[in-house]
Amino acid sequence: MINISNELYDCSKYKCIKSSVTNTYFFKDVKNNYYYDPVTKCFFDGLAYFTYIEDLSIFDAYKNRSSDSILRTTKKQFEKFNERNYKIPFHYYKGKSSYQIKYELLEGSDDDKKVPLYIPILLTEDKLYDCLYTYWDKYGIDFDCDIEIAKALVGLVAYTYLTKKSKRANKIYISDVEFFENNSKSYVQLRSNYIEYLLGYKFEHYRLALIEAGILFCDDKYYHFDDKKKARSYKLSNDLFTTDASTVDVKQYYIFYVQQWRLRYTFAADKIENKKRRKMNSAEYKAMIDDVVELFKLMNTSEMQSSYESNPYAFFGIPFGDDKALKKKLKDKNEIKIDEFINTIEYIQQGNTYFNVCDDFGGRFHSIFTNIKSWVRQFINYNGVKYISADAKNSQMALFSIAIQYPDATTDMMAGVEWSSHDGRTILPFADVMEAIKETKKYSDNNTKDLDKFITLSNEGLLYESIALIIKKDRDHAKNCVFKTFFSNDIQFKDLKTKLAREFPSIVGLASYLNQEDFVAHLPKLLQKIESELFINRIYRRFDKVKKYPSLTIHDSVMFHPDDLDAFNKVYNEVFEELGIEPMALRYDDYNKICSVKN
């Protein structure tokens, strides 16, 4: 027989006692000698009930609750029975619930089924119970006052916020000045039917209870989604976070995993379905994703902190010793700081990875490395061995040169590659784009010869230096001007294009034609498509079959273990040789040597 600890409280004819097995509370009806378990909401007639419980983890969420809190919960549950003249049922824990069975049958790994929800540390369970029961007493509305649903709603808002924040372009960090300023960016949009799917049809009571208690804010405005669906915007109260620093980082949250099988199933099913939409189950991309996740988890944040302390200038990409620039970076509220950056690394290492496996515009593979500071590359390693990075020199312009210099080979290479517009704008057929390039090359050869000069400078990696002399600026400024010229529409940056047209009239005219205002931006689309076809579908796919260690791509670069250097070079040259194209010039960064020199 299982021993039960002594009686703690009396509640009418019920006695509140604590189980030494589950370390949680349940109630005994002294008169009828029945027991009631407020966690599983089951009645039983003897201590043998506990021998049927297969998963004691269902009690984890209740272990830290006070006796008063659990007592009040059960009072409300009994009040419901009495008000409705319920005949108290007797349920025995005989096996798995239907949702547990559904959960276990979901197609996905154990990691896929885990959905971490983030709860602010300052939001205690007692605060949530007070919120729910105050709403119950004030309005007399019949709902379960289920603490897990309330926490799941809070966690859903926080998780969506942190995830959306990490996906925002150039804003992968969790730093949040606008959060405390109640900026529109501190809100997240959630559709009611989506919340209902996850939490159940009574979620509206929990939403209103949290709003009335000042825990959750809603702007009460509707935002249209696709298919005429509507969503409201939500944010958590500033009072749930410390304001000694103007950040809301993952250290101010604790991770909460729902225990109810229905919630576990709906959250896990939603996560797995989202992954399917992003083509996560593609066998070709699965290996790339696995490699990225493995390498990311091996990065040492303590090493990052030490490296920053020894040379903070490198983190911000400024010359060593430039104290004036460093102070400016540290004062800039929009600049990523090292603490925020490391918080983000740890947040992603906890499993909050994201991938846009193949984007609609350029076919690029986007991972957690592509929008993060390049400074982090030196910490990519496998069992302590740092990686080599092979980057194509001034890659976008070198790819443009390939299209100009080898139009037929480019056309053959791109055969079968999807070429379409998804935003309703006019798109030229791929053949017309290549024909425009051929005609421009023919015109240049007969008149200006400027494309030959452009090709030579691009292949030698000296294009930006040449442009810098024309506009009388430094190399970085010149690179930015080149991108503005070739990747903007025909009515933008006219003064800049006039300057560059004096040196490269044919190519500036070609860019203006391909990027007309009412067209899709054909030139950047073309270059990204060529880049993806070369570096992902041809080079990386073949390299993946012969490499020994995990590797990754960051658009026009590949990072790999030093032992795989020869294999990579062999594959790289073979791909270009088969295409009949001169290989693009590469810059190699061996972080084993770079870091040893720094140390």
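So in the stretch 196-235, with the set limited to residues that are hydroxyl-bearing (S, T, Y) and touching a Leu at 6+ places or on another chain (Cβ under 7 Å), which one is modelled with the lowest pLDDT?
Of everything passing the filter in the stretch 196-235, Y234 is modelled with the lowest pLDDT.
Evaluate the stretch 447-461: report whether one residue or more is out of contact with any helix residue (DSSP H, G or I) (no Cβ under 6 Å at 6 or more places or on another chain), assigned to a helix (DSSP H, G or I) and aliphatic (A, V, I, L, M).
For the stretch 447-461, residues out of contact with any helix residue (DSSP H, G or I) (no Cβ under 6 Å at 6 or more places or on another chain), assigned to a helix (DSSP H, G or I) and aliphatic (A, V, I, L, M): absent.
Suppose the filter is in a helix (DSSP H, G or I), at pLDDT below 90, of a type in the set (V, I, T) and in contact with a helix residue (DSSP H, G or I) (Cβ under 8 Å, 6 or more places away or on another chain); does I539 pass it? Walk me through it before giving the result.
Values: in a helix (DSSP H, G or I): yes; at pLDDT below 90: no; of a type in the set (V, I, T): yes; in contact with a helix residue (DSSP H, G or I) (Cβ under 8 Å, 6 or more places away or on another chain): yes.
No; evaluated as a whole, the condition is false for this residue.
Looking at (1) modelled with pLDDT of 85 or more; (2) outside any helix (DSSP H, G or I); (3) under 29 Å from T426 (Cα atoms), which is the only condition Q492 fails?
Going through (1) modelled with pLDDT of 85 or more; (2) outside any helix (DSSP H, G or I); (3) under 29 Å from T426 (Cα atoms) one by one, Q492 breaks only (1).
Scan the stretch 302-343 for residues that are under 19 Å from T370 (Cα atoms) and either surrounded by fewer than 14 Cβ atoms within 10 Å (Cβ to Cβ) or not assigned by TED's automatic domain parsing to the domain that holds K547 (or both) and jot them down. If you could, list the steps in order and put the result at the bottom.
Narrowing the stretch 302-343 to residues under 19 Å from T370 (Cα atoms): 304, 314-317, 335-338, 340-343.
Hits for the stretch 302-343 are G317, E335.
Quick check: anything in the stretch 414-429 crowded, with 17+ Cβ neighbours inside 10 Å and in a helix (DSSP H, G or I)?
no
The values are calculated or read from the model by the stated rules, or taken from the named source; none is laboratory data. Because the structure is predicted, anything quoted here is derived from the model rather than measured. Methodologically, a virtual Cβ is constructed for each residue, glycine included, from the backbone with ideal geometry; neighbour enumeration extends over all protein chains shown.
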